[in-house]
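Heads up, the thing below is written out as structure tokens.
The values are calculated or read from the model by the stated rules, or taken from the named source; none is laboratory data. Keep in mind that this is a model prediction, so the values were computed, not measured. Neighbour counts are summed over all protein chains in view; Cβ atoms, including those assigned to glycine, are modelled from backbone coordinates with ideal geometry.
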Amino acid sequence: MAAASDLIHGVAMAAVAVNAAAAVLETEDKHMDLIGAIIVGLAASLGGGTLRDVLLGRPVFWLADVLYLVCGATAVASTFLLARRVRLPVGIFVIPDAAGLALFTVAGCQIALDAGVHWLAASLLGVVTGVFGGVLRDVLVNEVPLVMRPGTLYATASWCGALAMIASFAAGAGEAVSAAVGGAIVLGLRLLAIRYRLRMPEFRSPP
């Protein structure tokens, strides 16, 4: 169990760092100062896990372990300083955002399973962990949240990965293998959707 906790702790820490960096990159055209970037970055990197922990009735992860908070703030500051010196392609934030979605989905799903909830609820809590921080980020910078944009494979990619992770467990795979399978599916689907503009059907009334 200690090894499993170490694995999820590492995945969650990486997710915090990546999501914080992605949030800073998205704010480039908002001309925020460092404090504004830290607020947005921390909301993005801590929001999904906070909601998950509140729903599960467990201690909020970054209050129980302040290293998550330090990690997020450090990632924000480092990305902020780097972006001021290096010209980055427009829209580059979607790549680390996709990685953060995969990492947070895996961590959130595993934490929910460890809490003893039903596998279906655990898969949805994985999605909540993956997408809610991005919702907060986009709202704070006055953008339509990625998860709400028409047809995007965002929450869909997250849920598919969470379900694949749970299926891998059911098939007898270990935690590391199951996490890798789930994360790869989330990341793969999201990157394919970005590259090839894959979309879900949109609700439209017939003419």
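One table, with the values for the structure above:
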quantity: Given (1) in contact (Cβ under 8 Å) with a residue 60 or more places away in the chain; (2) assigned to a helix (DSSP H, G or I); (3) within 30 Å of M32 (Cα to Cα); (4) not β-branched (V, I, T), number of the condition R195 does not satisfy; calculated: (1)
quantity: Output for the range 25-35, where each listed residue is in contact with a Leu (Cβ under 9 Å, 6 or more places away or on another chain) and assigned to a helix (DSSP H, G or I); calculated: L25, E28, L34
quantity: Verdict on A77 being of a type in the set (G, A, S) and more than 14 Å from A14 (Cα to Cα); calculated: yes
quantity: Only listed residue being farther than 25 Å from N142 by Cα and modelled with pLDDT of 95 or more, chosen from A73, A14, A2; calculated: A14
quantity: Single condition A37 does not satisfy, out of (1) out of contact with any Ser or Thr (no Cβ under 8 Å at 6 or more places or on another chain); (2) small (G, A, S); (3) over 26 Å from T156 (Cα atoms); calculated: (1)
quantity: Residue that is at pLDDT 95 or above, of a type outside the set (V, I, T) and surrounded by fewer than 24 Cβ atoms within 10 Å (Cβ to Cβ), where the choices are L146, L125, L153, L136; calculated: L136
quantity: Subset of the range 12-62 [of a type in the set (V, I, T) and out of contact with any Cys (no Cβ under 8 Å at 6 or more places or on another chain)]; calculated: V18, V24, T27, I35, I38, I39, V40, T50, V54, V60
quantity: Search result, residues across the range 44-61 that are touching a Gly at 6+ places or on another chain (Cβ under 7 Å), under 26 Å from N142 (Cβ atoms) and hydrophobic (A, V, I, L, M, F, W, C); calculated: A44, L46
quantity: Tabulated pairs, the range 30-41, first closer than 17 Å to L82 by Cβ, second loosely packed, with under 14 Cβ neighbours inside 10 Å and among the hydrophobic types (A, V, I, L, M, F, W, C), C-beta under 7 angstrom, 6+ apart or interchain; calculated: none
quantity: Residues within the range 131-171 that are in contact with a strand residue (DSSP E or B) (Cβ under 8 Å, 6 or more places away or on another chain) and assigned to a helix (DSSP H, G or I), tallied; calculated: 1
